[in-house]
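All remarks here apply to the structure that follows.
The values are calculated or read from the model by the stated rules, or taken from the named source; none is laboratory data. Remember, it's a predicted structure, so these values are computed and weren't measured experimentally. We place every Cβ from the backbone using ideal geometry, glycine too, and count neighbours over all the protein chains shown.
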């Protein structure tokens, strides 16, 4: 593939993923991840996108360190990850709309099966990342980007 065609393909895919990520962002699932992958692809061709990716990476690392700085915070981070995964199970179970639900019917568990699968996977990936960050920060296996 020629360099020009590769650059065009990466830019097109990067913009498409960024746009899809923005649309998916408020919905249950991997909207933020899709958006970041799109920006990372754009970063290969554009300096402005590389700056955004670097800022996001710095903020993510700082948040990860903060989230596991104490055992209490790490416990809450693990609990949040498990709640995220468990909420995805609700979508997979797909109970009917309860009588007390006051919003329109279409707002009850939007996204269906795919939303449930993506939430379960997001919760499990988040749990793995929290546990790995805790191990790195508290047990001496600390790469340069996690040293505080």
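Worth pointing out:
- Count of residues meeting criterion [outside any loop (DSSP other than H, G, I, E, B) and free of Cβ contacts under 8 Å to residues at least 12 places away in the same chain] in region 14-33: 4
- Residue in region 94-107 that is surrounded by 15 or more Cβ atoms within 10 Å (Cβ to Cβ) and under 25 Å from residue 35 (Cβ atoms) present: no
- Count of residues meeting criterion [touching a helix residue (DSSP H, G or I) at 6+ places or on another chain (Cβ under 6 Å) and in contact (Cβ under 8 Å) with a residue 60 or more places away in the chain] in region 123-136: 3
- Qualifying residues in region 1-19 (those that are surrounded by fewer than 16 Cβ atoms within 10 Å (Cβ to Cβ) and touching a helix residue (DSSP H, G or I) at 6+ places or on another chain (Cβ under 8 Å)) - the one modelled with the lowest pLDDT: 1
- Among the residues making up region 53-93, those that are farther than 12 Å from residue 134 by Cα, in the same structural domain as residue 117 (by TED's automatic domain parsing) and crowded, with 16+ Cβ neighbours inside 10 Å are 81, 84, 85, 87, 88, 91.
- Number of the condition not met by residue 107 [criteria: (1) free of Cβ contacts under 8 Å to residues at least 24 places away in the same chain; (2) closer than 25 Å to residue 137 by Cβ]: (2)
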